[in-house]
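**Student:** Take a look at this one; I'll ask things after.
Readers should treat all values here as calculations from the given coordinates under stated rules, not as data from a laboratory. Since we're looking at a predicted model, the values are computed, not measured. Note that each Cβ is placed from the backbone with ideal geometry, even for glycine, and that neighbours are counted across all protein chains shown.
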Amino acid sequence: MRDIGSGPRGCLPVAIEVMTAYTDSADDPGFFWASVQRVMADGADRADPAAAVAELVLGLSTLCGIALDHLAERAGPERGPRDVLAAIQRAYITEPPP
């Protein structure tokens, strides 16, 4: 991972790598887990492991924000990122499918 001083742009590549592994792991969930373990091990080997975890969290948060913005744009002008989050909360937490 890059230095956290590089901001979200420096953190996005690792987040995209982890989430790409997630999307590619439908047939093999172990693929995603192996990717996460590798990213965490790489971070643990750094001089400041806590910064590596912070970079991963920042990268995943940034990626989520970007995805929310894109989803809101596709949902139409009357919906914003908070509306998308509320719909996700209803679908997966408040009223989960049977």
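**Student:** Counting Lys and Arg as +1 and Asp and Glu as -1, each charge on the Cβ, what is the dipole of segment 4-94 about the Cα centre in debye, to the nearest 20? The partial results should precede the final answer.
**Tutor:** On the way: 7 positive and 12 negative charges, 61 e Å.
Rounded to the nearest 20 debye, it is 300 debye.
**Student:** Hey, how much of the P(r) for segment 4-94 falls beyond 17 Å, as a percent of Cα pairs?
**Tutor:** Details: 2443 of 4095 pairs.
Across segment 4-94, Cα pairs with separations above 17 Å total 60 percent.
**Student:** Return one number: the angle in degrees, 0 to 90 and rounded to the nearest 10, between the long axis of the Cα atoms of helix 49-75 and the longest principal axis of the Cα atoms of the chain.
**Tutor:** 20 degrees
**Student:** Need the C-alpha centroid separation for segment 4-53 versus segment 80-94, integer Å.
**Tutor:** 25 Å
**Student:** Pick from GLU55, GLU73, GLU17: which residue has the top mean-square fluctuation in a GNM of the chain where Cα pairs under 10 Å get a spring?
**Tutor:** Result for the chain, Cα springs under 10 Å: GLU73 fluctuates most.
**Student:** Using a Gaussian network for the chain with springs between C-alpha atoms less than 10 Å apart, which of these wobbles most: PRO49, PRO77, PRO13?
**Tutor:** For the chain, modelled as a Gaussian network with Cα springs under 10 Å, the answer is PRO77.
**Student:** At 0.36 nm per residue, minus the direct Cα-Cα distance, what do ALA54 and ILE88 gain on full extension? Give it in nm, one decimal, please. All intermediate terms of the calculation are to be shown ahead of the outcome.
**Tutor:** Numbers: separation 34, 0.36 × 34 = 12.24 nm, distance 2.47 nm.
Working it through step by step, the gained length comes to 9.8 nm.
**Student:** Going by how many other beta carbons lie within 10 Å of each one, how would you line up CYS64, CYS11, fewest first?
**Tutor:** So the residues, fewest neighbours to most, are CYS64, CYS11.
**Student:** In degrees, nearest 10, range 0 to 90: what is the angle between the Cα axis of helix 7-23 and the longest Cα principal axis of the chain?
**Tutor:** 70 degrees
**Student:** Moving on. Quick check on the chain: helices-only [θ] at 222 nm, where DSSP H runs of length 4 and up contribute -39,500 (n - 2.57) each and the sum goes over total residues. Nearest 500, please.
**Tutor:** -23500 deg cm²/dmol
**Student:** Go through THR23, GLN89, CYS64 and say which Cα lies farthest out towards the positive end of the charge dipole of segment 4-94; charges sit on Cβ, +1 for Lys and Arg, -1 for Asp and Glu.
**Tutor:** In segment 4-94, that residue is GLN89.
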